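What follows is calculated from the coordinates using simple rules that are stated; it is not laboratory data. Just so we're clear, the structure is a prediction, and the values are computed from it rather than from any experiment. We place every Cβ from the backbone using ideal geometry, glycine too, and count neighbours over all the protein chains shown.
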Amino acid sequence: MIRVQFSLDSNQRITSFKMTGHADSGPYGQDIVCAAVSALSISTINGLEQVVHTKPDLNQDNVNGGFLEVTKLDLGHDSQILLRTLLNGLLDIQESYPKNIEVKMFN
């Protein structure tokens, strides 16, 4: 199961997120949950860096996969739009595949 944790500040802005685990919804290379989560997270990070021009801190396991932590997120309006879009997309995936992904938010 992929577990995603979003940290929110007192104004409900996303300050960091962490993804761990594997969806295991299909064979390697055919796992649609993993592909969707990967596409959303990579697109969000690219948007933060290349469109909004912010530089979050990334901690990831490129060898084994299954781990991504993004901290020092910009609290500005444009960054938060991208991050809320990520959150909403992941919640939609969770609704369709509750055995493969769990999304939580913490204050």
**Prompt:** Going by alpha carbons, how many degrees (0 to 90, nearest 10) lie between the helix axis of 77-96 and the longest principal axis of the chain?
**Reply:** 20 degrees
**Request:** Starting from the Cα of residue 99, draw a straight line to each of the lysines and keep only those under 27 Å, dropping any in the same chain fewer than 8 residues away.
**Result:** 18
**Request:** Have a look at 79, 27, 48 and report the one farthest towards the positive end of the charge dipole of the chain, computed about the Cα centre with Cβ charges (Lys/Arg +1, Asp/Glu -1).
**Result:** 79
**Request:** Note the angle between two axes, namely the Cα long axis of helix 32-46 and the longest principal axis of the Cα atoms of the chain, as a number of degrees from 0 to 90, rounded to the nearest 10.
**Result:** 20 degrees
**Message:** Just to confirm the filter: which chymotrypsin sites (Phe, Trp or Tyr not before Pro) across the chain are DSSP coil and have at most 11 other Cβ within 10 angstrom of their Cβ?
**Reply:** 28
**Request:** Taking the Cα atoms of segment 1-63, report the difference between the largest and smallest coordinate on each principal axis, in whole Å and largest first.
**Result:** 38, 26, 20
**Message:** With viscosity set to 0.692 mPa s at 37 °C, what whole-number translational diffusion coefficient in µm²/s follows for the chain from Stokes-Einstein and a Kirkwood radius over Cα pairs?
**Reply:** 235 µm²/s
